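Comments concern the structure below.
The values are calculated or read from the model by the stated rules, or taken from the named source; none is laboratory data. Here the structure is a predicted model, which is why all the values come from computation and not from measurement. Counting neighbours? That spans all protein chains shown, and the Cβs are built from the backbone with ideal geometry, glycine included.
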């Protein structure tokens, strides 16, 4: 004993031990108190998060309804057709208040009224259609008289849908109200690459009815709105209760009156503070108030922006708070008793150590270590279970069917309102608290778990002594013990807020199903499994196919694919595209064949995983039949074009080849596959190849072409590089709203060769005849002039006829020589800038005498002042040809008019006669050499048939063009156009 005086002193051991135990248990009590307080803070925070989740879930439910309705309505064939019709009408220059737009809006209103009425009955507040990038309102179903205003610049959500072509949704503020909005873009065609021409918007309130939502959440609710944010956009002044101390915030609505008392006391948190929790008192009750900010879509672009609205949720937590306070007192009492017990044990330990010596001390040391380890394990287990928001338990069922709780954590107070000790003593309390209708299903779940063992989960309701019915979820692991009994290790949690939100969503879905059943088509939701099982089908399926929706729902007695026409099934293999639009045939219950159009969109979760497909199926039989008829008509025209003898080439307004028939393949040496989609310039030699796109641009700017509806001779190039001459006639058409140009091409290489041989022959003959003919004409003139004496009358008459015919022959030879020079490019033309009016007056005076011989008078008509760059002598030659022809073919007493009119940067000179007009069969070759309407014209009217051909060449050498307009029996108007020379 004397070896260890200090260690064996009872007083020293008692003093040090008491101090250590006091410190230890004081620290444990303090940690237990802090842990309980931490659990309380976590529980209140978790309750606030659950309330925020439920509130956001309710708001998102409205948003999802709006998205689905917007997608469904935007896929309606009638809506798409009328919006696209409105787009074309507006682009054509129609007025917003004009009759055409009024008719379109009336049709849209009539089409959407049944749906809008059903939507209003389910809480919808807005249904609007927009047009154009500026978001001009095409139709407001909630205010039919308000349209034509552009709102995209003040509506970021609408601007995003129109500019990016995506479906968008969220909280937004419109001119009429604020709430959940969904906007779907509408494109110019069914192609996703087509232009966005407008959008469809569906709107609901910010939150569902607060009274109903408050009943579901077992809490009071209030909604504050930011007056400054609303006044920026709303047309009308926002309405609400101005609460004391809240500045620009208005109380829009509330489900319970406590918020007015707290506002009067200025106890509410500042809405600018964001999400906040606060304990408040009212009428002797304690409430936990949760402030939840609701940001609109503008917060995405301005993160520091104040929320558009703030939701306040408060719940009576008086019983829970009292239990918390009682639990804190229990913790202090428990550790106090533990300290007293430890002190008693310490006294016993000191006594035993004093008596038994060193051996006993060693033994006591090992016992102390084991005790400390056990306490640490106990403390850890208690800390873990105390932090869990529920009850951890061990439940044992004996072979005789009796149940006993071996362990229950403190969470049983919140679930059953009893202490763990009492529940362990009497397990019947837990079963007695189960809601009677749920008791059979609970017992069945326990029996299944006992039979199968392993993990299991079930949900049921219990009767809480203070909170009424609450939902709980049980997760447990079952194992069989050696004595045959079953032991469950499990956890029970309160899931009332989650189940309330789930039930609310089910009610919302039920209302939605009722609404979509009235849509003119089939709305569906299909899974992604291999069986393509439908999870939802609207009642429209029976109207479309004659079979009820239940036939296609799992377990399906009829597959939807079995109704698809056999010829269409192979082409309808499903693909992985998120967006799909396809048209196919169905055979309904009556054996009739229908054409339907299916629009489908994929829905993915936040991780990008495919969840299901939403779609709409509409009857498009009438449209499909019309399209088939149009296709057959187009195929007929294509076949006709492909087999025409002349080469036909069709290009678009960018100059790209779209049609190249068989005759064109033979003419140019290319196959159709080689040239389709390529520029027409590949068929042209330089410099026309480089200038071709410039011709099209000039035509776009001027709106008219010099070569349209006229036969022109041009050079072309074959595939082998050979350049040859073609005759081209171009016409303009409009096909499916796009401008096209049809070119009729003839290879005139052989004809040109023959013409060249004929010209050479005529040139040789003309030169050989001109010299002797001049001598003959001069000799006859001398004889008739009396140079050889007086000529007898009979001889004089014959000589006069000979001289007149020799002069006519001389004029013919002059025309032939002029034509030869023009064709050979040897005609000397001196272009000078001069006024046009004097030239026309000279032509009238020079040809008036010839016209009077025929009993015809030439008059000047409308004159436009202009300066032209021409050869005056050759222009007089052209005017003489046109005026003499007009006089020859006009009846006696008629008037021939010579006039000029300004046409842009051209001036047109017109010669109008009162003759019989140009025959239809002669119009194509009227400007060719030696061309006359019939063989009798030469005898009746005179002429060689070269005048118009020479006139055409001369005008083109002066950078102009020539043509005519004529109707049979109503005369003809021959004209030519020349470029105007601007002053300076």
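Taking the criterion of being within 21 Å of residue 123 (Cβ to Cβ), surrounded by 15 or more Cβ atoms within 10 Å (Cβ to Cβ), at pLDDT below 80 and over 20 Å from the mean Cα position of the chain (by Cα), would at least one residue in segment 164-171 satisfy it? No: segment 164-171 contains no residue that is within 21 Å of residue 123 (Cβ to Cβ), surrounded by 15 or more Cβ atoms within 10 Å (Cβ to Cβ), at pLDDT below 80 and over 20 Å from the mean Cα position of the chain (by Cα).
Filtered by the rule that a residue be at pLDDT below 85, touching a helix residue (DSSP H, G or I) at 6+ places or on another chain (Cβ under 9 Å) and surrounded by 17 or more Cβ atoms within 10 Å (Cβ to Cβ), segment 295-314 gives 296, 297, 298, 306, 308.
Residue 445: in a helix (DSSP H, G or I), out of contact with any helix residue (DSSP H, G or I) (no Cβ under 8 Å at 6 or more places or on another chain) and buried (at least 16 other Cβ atoms within 10 Å of the Cβ), yes or no?
Details: in a helix (DSSP H, G or I): yes; out of contact with any helix residue (DSSP H, G or I) (no Cβ under 8 Å at 6 or more places or on another chain): yes; buried (at least 16 other Cβ atoms within 10 Å of the Cβ): yes.
Criteria met by residue 445.
Based on this model, can you work out whether residue 845 counts as in the same structural domain as residue 887 (by TED's automatic domain parsing), at pLDDT 75 or above, more than 28 Å from residue 757 (Cβ to Cβ) and loosely packed, with under 12 Cβ neighbours inside 10 Å? Criteria met by residue 845.
Could you please let me know if residue 61 is surrounded by fewer than 20 Cβ atoms within 10 Å (Cβ to Cβ), touching a residue at least 40 places away in the same chain (Cβ under 8 Å) and under 26 Å from residue 160 (Cα atoms)? No, not satisfied.
Take segment 884-902 and flag every residue that is part of a loop (DSSP other than H, G, I, E, B) and under 12 Å from residue 912 (Cα atoms). Working first, answer last.
Residues of segment 884-902 part of a loop (DSSP other than H, G, I, E, B): 890-894.
Result: 890, 894.
Please determine whether any residue of segment 376-397 is touching a helix residue (DSSP H, G or I) at 6+ places or on another chain (Cβ under 9 Å), more than 19 Å from residue 470 (Cα to Cα), at pLDDT 80 or above and surrounded by fewer than 17 Cβ atoms within 10 Å (Cβ to Cβ). No - not one qualifying residue is present in segment 376-397.
Results for (1) more than 50 Å from the chain's Cα centre (by Cα); (2) at pLDDT below 90, shown as yes or no for each residue.
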site	(1), (2)
444	yes, no
454	yes, yes
465	yes, yes
469	no, yes
473	no, no
479	yes, no
482	yes, yes
485	yes, no
488	yes, no
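Is it fair to say residue 600 is at pLDDT 80 or above, under 32 Å from the mean Cα position of the chain (by Cα) and under 20 Å from residue 72 (Cβ atoms)? Yes; evaluated as a whole, the condition is true for this residue. Number of residues in segment 131-187 that are closer than 25 Å to residue 104 by Cα, touching a residue at least 24 places away in the same chain (Cβ under 8 Å), touching a helix residue (DSSP H, G or I) at 6+ places or on another chain (Cβ under 8 Å) and assigned to a helix (DSSP H, G or I) equals 3.
At least 2 residues being at pLDDT below 85 and surrounded by fewer than 14 Cβ atoms within 10 Å (Cβ to Cβ) is the threshold, and among the helices (runs of 4 or more DSSP H) wholly inside segment 619-681 those reaching it are 621-642. Just so you know, in segment 748-777 the residues that are at pLDDT 75 or above and over 30 Å from residue 717 (Cα atoms) include one that is surrounded by the most Cβ atoms within 10 Å (Cβ to Cβ), and it is 776. Out of 543, 475, 461, one residue alone is in a strand (DSSP E or B), surrounded by fewer than 16 Cβ atoms within 10 Å (Cβ to Cβ) and touching a strand residue (DSSP E or B) at 6+ places or on another chain (Cβ under 9 Å). It is 475.
When segment 801-812 is limited to residues that are surrounded by 14 or more Cβ atoms within 10 Å (Cβ to Cβ) and at pLDDT 70 or above, the one that is nearest to residue 899 (Cα to Cα) turns out to be 806. The single condition among (1) buried (at least 18 other Cβ atoms within 10 Å of the Cβ); (2) touching a residue at least 12 places away in the same chain (Cβ under 8 Å); (3) not in a loop (DSSP other than H, G, I, E, B) that residue 277 does not satisfy is (1). Kindly check whether there is at least one residue in segment 96-105 that is touching a residue at least 24 places away in the same chain (Cβ under 8 Å), part of a helix (DSSP H, G or I) and touching a strand residue (DSSP E or B) at 6+ places or on another chain (Cβ under 7 Å). Yes, because at least one residue in segment 96-105 is touching a residue at least 24 places away in the same chain (Cβ under 8 Å), part of a helix (DSSP H, G or I) and touching a strand residue (DSSP E or B) at 6+ places or on another chain (Cβ under 7 Å).
Scanning segment 478-496 for residues that are closer than 15 Å to residue 403 by Cβ and in a strand (DSSP E or B) returns 478, 486, 487, 488, 489, 490, 492. Annotation: residue 362 fulfils all but one of (1) at pLDDT 75 or above; (2) exposed (fewer than 14 other Cβ atoms within 10 Å of the Cβ); the unmet one is (1).
Listed here are the residues, each with its yes/no results for (1) over 26 Å from residue 838 (Cα atoms); (2) surrounded by fewer than 21 Cβ atoms within 10 Å (Cβ to Cβ).
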{"residue": "878", "(1), (2)": "no, no"}
{"residue": "882", "(1), (2)": "no, no"}
{"residue": "891", "(1), (2)": "yes, yes"}
{"residue": "897", "(1), (2)": "no, yes"}
{"residue": "901", "(1), (2)": "no, yes"}
{"residue": "913", "(1), (2)": "no, no"}
{"residue": "916", "(1), (2)": "yes, yes"}
{"residue": "919", "(1), (2)": "yes, yes"}
{"residue": "922", "(1), (2)": "yes, yes"}
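With respect to residue 225, is the statement that it is closer than 24 Å to residue 177 by Cβ and in contact with a helix residue (DSSP H, G or I) (Cβ under 6 Å, 6 or more places away or on another chain) true? So residue 225 does not fit the description; no.
Do we have any residue at all in segment 217-228 that's crowded, with 16+ Cβ neighbours inside 10 Å, touching a residue at least 24 places away in the same chain (Cβ under 8 Å) and in a helix (DSSP H, G or I)? Give the derivation first.
Taking segment 217-228 as the starting set, the residues that turn out to be crowded, with 16+ Cβ neighbours inside 10 Å are 217, 219-227.
Imposing the further condition that a residue be touching a residue at least 24 places away in the same chain (Cβ under 8 Å) reduces the set to 217, 219-226.
Filter once more, so that each one left must be in a helix (DSSP H, G or I): 217.
Yes, segment 217-228 contains a residue that is crowded, with 16+ Cβ neighbours inside 10 Å, touching a residue at least 24 places away in the same chain (Cβ under 8 Å) and in a helix (DSSP H, G or I).
Just checking, how many residues over segment 82-95 are in contact with a helix residue (DSSP H, G or I) (Cβ under 9 Å, 6 or more places away or on another chain) and either part of a helix (DSSP H, G or I) or within 17 Å of residue 737 (Cβ to Cβ) (or both)?
Taking segment 82-95 and keeping what is in contact with a helix residue (DSSP H, G or I) (Cβ under 9 Å, 6 or more places away or on another chain), we get 82-83, 85-86, 89-90, 92, 94-95.
Going one step further and asking which of them are either part of a helix (DSSP H, G or I) or within 17 Å of residue 737 (Cβ to Cβ) (or both), we end up with 82-83, 85-86, 89-90, 92, 94.
Number satisfying all stated conditions: 8.
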